[in-house]
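Participant: Before anything else, here's the structure in question.
The values are calculated or read from the model by the stated rules, or taken from the named source; none is laboratory data. As the structure is a computational prediction, the values presented were derived from the model and not from experiment. Neighbour counts are summed over all protein chains in view; Cβ atoms, including those assigned to glycine, are modelled from backbone coordinates with ideal geometry.
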Amino acid sequence: MAAYKKCFGVRAVERFAVEAYDALLFVAQGPRELGNVEVERGAMVRRLRASTYKEQKT
């Protein structure tokens, strides 16, 4: 919650907002790790399955 509050400058966090924030960062990690290429759907799925994403803590 600390990373979410810091990122968005809020005092209160809506229900499931932190989980949604982490999920979006997880999905965004896939194309970033695949590099500067047009991402094919199958490659993206394989990358997400192999991911070792850890929640953001700042």
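Participant: Quick one: how many residues across the range 1-22 are closer than 22 Å to LEU48 by Cβ, aliphatic (A, V, I, L, M) and surrounded by 13 or more Cβ atoms within 10 Å (Cβ to Cβ)?
Facilitator: Of the residues in the range 1-22, 3 are closer than 22 Å to LEU48 by Cβ, aliphatic (A, V, I, L, M) and surrounded by 13 or more Cβ atoms within 10 Å (Cβ to Cβ).
Participant: Sticking with this one: How about the range 1-15: which of its residues are farther than 15 Å from LEU25 by Cβ and touching a helix residue (DSSP H, G or I) at 6+ places or on another chain (Cβ under 8 Å)?
Facilitator: VAL10, ARG11, VAL13
Participant: Name the helices (runs of 4 or more DSSP H) wholly within the chain that hold at least 3 residues that are of a type in the set (D, E, K, R) and at pLDDT 75 or above?
Facilitator: Working: elements: 2-8, 17-34, 41-50.
So the answer is 41-50.
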